[in-house]
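The values are calculated or read from the model by the stated rules, or taken from the named source; none is laboratory data. As the structure is a prediction and not an experimental result, all values here were calculated from the model. With ideal geometry, Cβ positions are generated from the backbone for all residues, glycine too; neighbour counts draw on all protein chains shown. When the accessible area is computed, the model is the full protein with side chains, heavy atoms only, and any ligands, DNA or RNA have been set aside. Shrake-Rupley method; radii C 1.70, N 1.55, O 1.52, S 1.80 Å.
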Amino acid sequence: MTEPVNVLVAVAWPYASGARHIGHLAGAYLPADIFARQQRLLGNRVLMVSGSDVHGTPITVRAEAEGVDPQDIVDRYHGEILRHWEQLGISWDLYTTTGTENHAKVTQEMFLAQFENGHIDKRVSEQFFDPEVQRFLPDRYVEGECPYCGYAEARGDQCDNCGKTLDPIDLINPRSKLSGAIPEPRETEHFYFRYSDFNQQIRNYLDTKSHWRPHVLNFAKGWLEDEGLQDRAITRDIEWGIDLPVDDLGPGKKIYVWYDAVIGYLSASKEWAASETNPAGDPESWREWWENPAARHVYFIGKDNIPFHALFWPAQLMGVGNLHLPDEIPANQYVTFKGGKASASRGVGLTIADALDMFQPDALRFALAAALPEQADTEVSDEEIGRRINEELVATWGNLVNRVLSMVNKNCDAQIPDTPGSDPEDSDLLAAVDAAFVEAADQFHASELRAALRTAMKTAQATNGYLNATEPWRLQKTDPNRASEVLHTALSAINGVRVLFAPFLPWSSATLDEILGVPSGWKREPLVPGRPIGKPTPLFTKVDLETSDVEV
RNA sequence: GGCGACGUAGCUCAGUUGGUAAGAGUGCUCGACUCAUAAUCGAGAGGUCGUGGGUUCGAGUCCCACCGUCGCUACCA
């Protein structure tokens with residue numbers, strides 16, 4: 001085995017502002033977890049972090065709409081998100097929030113380092129101010145008539161009718177979304193991160209990523225070619241956010257979520273290192289991931305997040321220096337429902353809570369993993385999920401385990417037989433399983449998780465085929481010795497196949513661990529003869545598509 | 001409006017740098033088997049690769065136009 005690698009599995013930070021849907025799950029959290037689990041089995045040192053983003057406009061909007069404090073919104077949804085991770089078996093090393101003291105501290109340290117390095121400066125701009133509620137208004141809080149198409153409900157950032165990008169100053173008859181008052185332009189001073197300092201460096205960086213998915217690379221490079229990176233304000237006139245580490249702007253200014261959310265990857269790593277769950281017990285051990293050129297950083301995000309992870313975050317890291325840049329950004333496309341992007345707020349597609357009500361966690365994971373939108377938007381539906389579960393997971397893998405364990409239970413005194421077979425068909429099957437480990441490992445390395453799942457399925461089908469060819473139920477009557485050999489071989493194959501499935505199916509894998517023993521790595525291990533297997537119960541149950549409220 | 005992606009068997013999708021008669025899973029048909037969650041295994045049928053041009057000895061794979069779907073457009077992240 002090769003030297004263990006320090007792998008950072010960095011996963012997009014969900015807003016703690018509402019229900020998450022299975023598009024989010026399939027886009028980032030599930031593939032990240034599958035990848036992390038496989039990397040651990042491979043022997044790599046995995047640090048998988050993320051957390052809830054507690055800042056940002058959606059949260060303040062929701063809090064205002066409900067008349068509560070933003071923290072109330074955060075507490076409610078962060079708790080719900082945590083429960084879902086637990087039910088789904090998402091194996092975080094740390095899932096935190098951007099609301100911690102640690103995150104504020106790390107953000108401020110980064111700010112200061114970049115400030116020292118000359119990449120942050122102060123600028124004055126004009127923004128709309130609502131005289132009634134005495135607040136500066138974000139672009140989308142200004143509404144008015146679109147100067148291009150005359151649409152009356154255009155927002156300050158964009159017109160929903162004609163799709164044009166707007167500057168709120170250009171709106172005809174602008175009004176505040178908060179109070180309806182007529183906003184007035186006022187000068188305000190903010191800190192800007194000089195992203196433009198890094199145009200060339202980012203370009204060079206992207207040139208080393210020619211293996212990235214085309215849609216990721218095209219998007220990032222296109223951005224650079226069109227206008228290049230532009231300096232952006234990283235503070236706002238708001239109350240909900242992280243304090244500035246310098247106080248010369250006056251009161252009422254906070255660091256804006258765009259800048260601080262991505263810093264969560266680093267701050268969470270530091271929080272983990274200082275926590276009890278760090279086996280090394282060394283608060284400085286985050287450096288083994290962040291200041292180690294041999295480490296591998298893999299970011300799991302949806303495609304809407306590409307500019308932040310392929311452009312802005314690397315630039316911010318460069319602005320500090322000596323911190324590891326993203327190595328892989330296998331951004332997924334969207335899961336679509338009847339042609340449209342999933343959206344919990346618009347009621348398109350299943351929320352995670354809905355899906356967990358309808359399906360076993362492993363079954364849901366399987367169905368989504370088989371349909372990960374790795375290359376293109378992928379259409380899923382309740383029926384499709386149920387079909388995948390019944391026709392593929394239960395029929396091929398669940399049934400295989402059940403049929404073999406049942407025969408062993410009946411014919412081998414309910415314990416693992418010590419009767420390895422040596423016929424060519426025996427060794428062929430086991431060789432095929434062993435080869436699948438190599439094939440699937442390559443697929444994991446290339447972030448082709450769907451293909452890796454297919455590889456696992458292929459070995460299950462091969463094992464089913466082996467049984468149909470050898471017919472141990474018939475041998476049991478004519479040649480019991482050979483029957484035991486066949487069952488031993490089939491069980492050996494399953495002992496490998498279940499490891500191939502383990503990253504995808506943590507819950508049922510744990511059940512098999514109890515029966516066959518805990519696997520020590522990414523390989524097929526010898527059986528433990530004499531180990532009692534008990535009376536088998538099916539790993540999965542079929543979904544009743546008739547009675548579920550499935551629209552056909 | 002601009003940019004980008006996609007449009008391949010009924011369904012969900014693969015198809016490396018253009019090149020031996022277009023693939024997988026599922027569904028469907030037929031056969032085998034009956035240990036197993038009416039599960040499994042084998043065989044077969046099924047596609048003018050959105051439309052129309054072009055480049056090439058040769059294009060699903062490159063170029064142009066068009067049609068259709070979707071996404072992004074930097075104060076949502």
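Quick notes on this structure:
- Exactly one residue out of A:Leu545, A:Leu527, A:Leu505, A:Leu539 is within 30 Å of A:Glu383 (Cβ to Cβ), open to solvent by less than 50 Å² (accessible area, probe 1.4 Å) and more than 8 Å from RNA strand B (Cβ to nearest atom): that is A:Leu505.
Condition check ((1) crowded, with 19+ Cβ neighbours inside 10 Å; (2) more than 14 Å from RNA strand B (Cβ to nearest atom); (3) modelled with pLDDT under 90; (4) not in a strand (DSSP E or B)) across all residues:
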residue: A:Gly43; (1), (2), (3), (4): no, yes, no, yes
residue: A:His55; (1), (2), (3), (4): yes, no, yes, yes
residue: A:Ala65; (1), (2), (3), (4): no, yes, yes, yes
residue: A:Asp75; (1), (2), (3), (4): no, yes, no, yes
residue: A:Ile81; (1), (2), (3), (4): yes, yes, no, yes
residue: A:Ser91; (1), (2), (3), (4): no, yes, no, yes
residue: A:Glu126; (1), (2), (3), (4): no, no, yes, no
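- Restricting A:Arg20, A:Arg76, A:Arg40, A:Arg62 to those that are more than 30 Å from A:Asp243 (Cα to Cα) and either more than 20 Å from the chain's Cα centre (by Cα) or outside the structural domain of A:Ser508 (by TED's automatic domain parsing) (or both) reduces the list to A:Arg40.
- Members of the range A:266-309 that are out of contact with any Leu (no Cβ under 9 Å at 6 or more places or on another chain), within 30 Å of A:Ala376 (Cβ to Cβ) and of a type in the set (Lys, Arg): A:Lys303
- Tabulated pairs, the range A:422-437, first at pLDDT 95 or above, second of a type in the set (Phe, Trp, Tyr) and not in a loop (DSSP other than H, G, I, E, B), C-beta under 6 angstrom, 6+ apart or interchain: A:Leu429/A:Tyr466
- Test: A:Glu374 is without any contact (Cβ under 8 Å) to a residue 60 or more places away in the chain and within 9 Å of RNA strand B (Cβ to nearest atom): no
- Residues in the range A:278-323 that are among the charged types (D, E, K, R) and within 16 Å of RNA strand B (Cβ to nearest atom): A:Lys303, A:Asp304.
- Taking the criterion of being assigned to a helix (DSSP H, G or I) and either among the β-branched types (Val, Ile, Thr) or open to solvent by less than 80 Å² (accessible area, probe 1.4 Å) (or both), the residues of the range A:205-216 that qualify are A:Tyr205, A:Leu206, A:His215, A:Val216.
- Looking at A:Leu206, A:Leu249, A:Leu244, A:Leu229, just one residue is near RNA strand B (Cβ under 10 Å from one of its atoms) and of a type in the set (A, V, I, L, M), and that residue is A:Leu229.
- Qualifying residue in the range A:407-416 (condition: in contact (Cβ under 8 Å) with a residue 60 or more places away in the chain and acidic (Asp, Glu)): no
- Among the residues making up the range A:311-337, those that are closer than 19 Å to A:Met110 by Cβ and either hydrophobic (A, V, I, L, M, F, W, C) or out of contact with any Phe, Trp or Tyr (no Cβ under 9 Å at 6 or more places or on another chain) (or both) are A:Leu311, A:Phe312, A:Trp313, A:Ala315, A:Leu317, A:Met318, A:Val320, A:Gly321, A:Leu323, A:Leu325.
- Once the range A:437-496 is narrowed to residues that are under 37 Å from the mean Cα position of the chain (by Cα) and not in a helix (DSSP H, G or I), the residue that is farthest from RNA strand B (Cβ to nearest atom) is A:Ser447.
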